[in-house]
Amino acid sequence: MRRREFIGLFGAAATWSLAARAQQPTPLIGYLYSGSPAPNAHLVAASRQGLMEGGHVEGRNIAIEFRWAEGRYDE
């Protein structure tokens with residue numbers, strides 16, 4: 001294998017590796033609760049703090065979606 005072929009092959013492999021990493025979806029955490037957000041703000045804050053301690057930052061490498069029923073159990 002010639003030097004130019006090797007460099008071209010190495011460059012193509014590096015580019016493919018970066019493209020594969022860039023296309024990975026962001027993990028999503030769904031938070032479902034039957035109550036309202038205001039009285040449970042401390043629980044949400046504690047959850048976010050725990051995630052940050054584990055190296056997860058909302059909006060950067062993890063997404064969180066909240067759904068609050070606010071006492072409407074049919075929803």
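No value in this document is a laboratory result; all are computed from the given coordinates. Not measured: the values here are computed from a predicted model. Cβ: placed from backbone, ideal geometry, glycine included. Neighbour counts: every protein chain shown.
The residues in segment 57-69 that are over 23 Å from Q24 (Cα atoms) and either surrounded by 13 or more Cβ atoms within 10 Å (Cβ to Cβ) or of a type in the set (D, E) (or both) can be counted, and the count is 2.
Look at segment 55-75: where a residue is among the basic types (K, R) and a partner is loosely packed, with under 11 Cβ neighbours inside 10 Å and not in a loop (DSSP other than H, G, I, E, B), sitting 6+ places away or on another chain with Cβ atoms under 6 Å, you get R67/L32.
Scanning segment 20-56 for residues that are surrounded by 11 or more Cβ atoms within 10 Å (Cβ to Cβ) and either of a type in the set (K, R) or part of a strand (DSSP E or B) (or both) yields I29, Y31, Y33, R48. If the condition is being of a type in the set (A, V, I, L, M, F, W, C) and outside any loop (DSSP other than H, G, I, E, B), then segment 57-75 contributes I62, A63, I64, F66, W68.
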